[in-house]
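J.: One structure, pasted below without further comment.
The values are calculated or read from the model by the stated rules, or taken from the named source; none is laboratory data. Just so it is clear, the model here is predicted, and its values are computed rather than measured. Positions of Cβ are backbone-derived with ideal geometry, glycine not excepted, and every protein chain shown enters the neighbour counts.
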Amino acid sequence: MSDETVAVSAWQSGRRGLGDSVSLAMGYAPIAFSFGVISVQAGLSPWQAVAISLLVFAGASQFVMVAMLAAGSGGLTVLSAVLMMNLRHLFYGPALAMRLTSLPRRLAPWLAFGLTDEVFATAMAKGASRPLAPAWCLGLAAGAYLAWAGGTALGAGVGAGWASDGGYVAQALDFVLPALFLALLAQAWRRARWPVVVAAAGATLLGMLWWPGHVAMLVGMLTGAAVGSRRPRSEYSQEATT
Amino acid sequence: MTGWGVVIAAGVGTFLIRYLPLLSGTRLARGDGWLSRFLGALGLAAIAALIVLSMGDLWWQAPHWRGGLRLALGTAAVLLVQRLTPNVGLATLLGAGVYGVAGWALAD
């Protein structure tokens, strides 16, 4: 295959990834909007709110960061909290790399930067049935990033005057991310994988009784993966073709 | 550390948490060892954990039967649409729409 053909193919994959990010972006935008509103209400400038979304790009930990900064917490304390919350992302890179057709070194930093919970979940659901093109993953992450940054800018710029009225549209938007995860689970579902799902969901549910959500999620995720690791990987490969 | 310093350090730290393991990912993925199987199951486990977490947040916003029924109707709509048309975007939007309409229909 010529270099030109490879470039065109990568461009098409990237566009497909961008198209596949639409439902993800619809879930991100309202959350980013509320992040922008909350940041400005907490005393940050709109530029600071947007800078946080542009540089950190890690949903829940951004809310914690703003709340702690507003409460006057020390810089190292805030930084520790943010990084502790994002530690679960340690596991995403290797899991994604396993599903990629290849991992070009020049794309790796960009792929890593966009590896949020939702981007990872969407990529894994798609990757359950076929190997993923790195350009597709970049397109997916780019759509999510634009929605996140754009939503924050809108919320920080004009959101304070639009205080949420709790209307039904706003409530419907609350369900976009859970709905996306459900659809992804249905897409990636294979009957033989139910122990992974039950273990992860059960451990997360139990964890939520004692710990903050991000800790419960980490525990649930690791429990499910540990249960899944007890089966030969060849079984997963066979499932993916059924 | 100033506010801007915290933001930049948090961005760099979060990036490294994602980037460094990705670089070693292809090496870890080789073979059929325990770690490879663990990573292979991690995606599905993360999706299941995210469902519980996000649905749990919604449940605690309205912890009564109406809230539970809305969640059940929204979930059923997503799964039904996903079954009929394997289109994640459509299933997501219709599920969210049913959840919103159910909120209006079940309002006091």
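J.: Among the residues that make up the range B:96-108, is at least one of them closer than 22 Å to A:VAL198 by Cα, among the small types (Gly, Ala, Ser) and either out of contact with any helix residue (DSSP H, G or I) (no Cβ under 9 Å at 6 or more places or on another chain) or within 7 Å of chain A (Cβ to nearest Cβ) (or both)? Before the answer, list the steps.
T.: First, the residues of the range B:96-108 that are closer than 22 Å to A:VAL198 by Cα: none.
Within the range B:96-108, not a single residue is closer than 22 Å to A:VAL198 by Cα, among the small types (Gly, Ala, Ser) and either out of contact with any helix residue (DSSP H, G or I) (no Cβ under 9 Å at 6 or more places or on another chain) or within 7 Å of chain A (Cβ to nearest Cβ) (or both).
J.: The conditions are (1) more than 23 Å from A:MET221 (Cβ to Cβ); (2) facing chain A (nearest Cβ under 7 Å), and B:LEU69 fails exactly one of them. Which is it?
T.: Only one criterion is unmet by B:LEU69, namely (2).
J.: Any chance the range A:148-160 includes a residue that's at pLDDT 85 or above, closer than 29 Å to B:LEU69 by Cβ and either assigned by TED's automatic domain parsing to the domain that holds A:SER129 or loosely packed, with under 15 Cβ neighbours inside 10 Å (or both)? Spell out how you get there, then give the answer.
T.: Pass one, the range A:148-160, residues at pLDDT 85 or above: A:148-157.
Next cut, closer than 29 Å to B:LEU69 by Cβ only: none.
No; the residues of the range A:148-160 include none that is at pLDDT 85 or above, closer than 29 Å to B:LEU69 by Cβ and either assigned by TED's automatic domain parsing to the domain that holds A:SER129 or loosely packed, with under 15 Cβ neighbours inside 10 Å (or both).
J.: Let me ask something else. Using the structure shown, decide if B:GLY13 is among the small types (Gly, Ala, Ser), surrounded by fewer than 22 Cβ atoms within 10 Å (Cβ to Cβ), closer than 28 Å to A:PHE57 by Cβ and touching a helix residue (DSSP H, G or I) at 6+ places or on another chain (Cβ under 7 Å).
T.: Working: among the small types (Gly, Ala, Ser): yes; surrounded by fewer than 22 Cβ atoms within 10 Å (Cβ to Cβ): yes; closer than 28 Å to A:PHE57 by Cβ: yes; touching a helix residue (DSSP H, G or I) at 6+ places or on another chain (Cβ under 7 Å): yes.
It is true that B:GLY13 is among the small types (Gly, Ala, Ser), surrounded by fewer than 22 Cβ atoms within 10 Å (Cβ to Cβ), closer than 28 Å to A:PHE57 by Cβ and touching a helix residue (DSSP H, G or I) at 6+ places or on another chain (Cβ under 7 Å).
J.: I'd like to verify a number: residues in the range A:204-217 that are part of a helix (DSSP H, G or I) and either within 8 Å of chain B (Cβ to nearest Cβ) or not hydrophobic (A, V, I, L, M, F, W, C) (or both), how many? Can you show your working first?
T.: The initial filter retains those residues of the range A:204-217 that are part of a helix (DSSP H, G or I), namely A:204-210, A:213-217.
Checking which are either within 8 Å of chain B (Cβ to nearest Cβ) or not hydrophobic (A, V, I, L, M, F, W, C) (or both) leaves us with A:204-205, A:207-208, A:213-214, A:216-217.
Qualifying residue count for the region: 8.
J.: Looking at the range B:32-63, which of the residues that are more than 7 Å from chain A (Cβ to nearest Cβ) and farther than 22 Å from A:TRP211 by Cα is farthest from the chain's Cα centre (by Cα)? Quick ask: steps written out before the conclusion?
T.: Pass one, the range B:32-63, residues more than 7 Å from chain A (Cβ to nearest Cβ): B:33, B:35, B:57, B:59-63.
After this cut, where a residue has to be farther than 22 Å from A:TRP211 by Cα as well, the list is B:33, B:35.
Values: B:GLY33: 27, B:LEU35: 23 Å.
By that ranking, first place goes to B:GLY33.
J.: Turning to a different aspect of this structure: Between A:ALA121, A:ALA108, A:ALA141, A:ALA133, which is crowded, with 24+ Cβ neighbours inside 10 Å and either facing chain B (nearest Cβ under 9 Å) or more than 25 Å from A:TRP47 (Cα to Cα) (or both)?
T.: Numbers: A:ALA108 fails: crowded, with 24+ Cβ neighbours inside 10 Å; A:ALA141 fails: either facing chain B (nearest Cβ under 9 Å) or more than 25 Å from A:TRP47 (Cα to Cα) (or both); A:ALA133 fails: crowded, with 24+ Cβ neighbours inside 10 Å.
Of A:ALA121, A:ALA108, A:ALA141, A:ALA133, the one residue that is crowded, with 24+ Cβ neighbours inside 10 Å and either facing chain B (nearest Cβ under 9 Å) or more than 25 Å from A:TRP47 (Cα to Cα) (or both) is A:ALA121.
J.: If B:PRO63 satisfies every condition in (1) assigned to a helix (DSSP H, G or I); (2) free of Cβ contacts under 8 Å to residues at least 24 places away in the same chain; (3) surrounded by fewer than 22 Cβ atoms within 10 Å (Cβ to Cβ) but one, which is the exception?
T.: B:PRO63 satisfies all of (1) assigned to a helix (DSSP H, G or I); (2) free of Cβ contacts under 8 Å to residues at least 24 places away in the same chain; (3) surrounded by fewer than 22 Cβ atoms within 10 Å (Cβ to Cβ) except (1).
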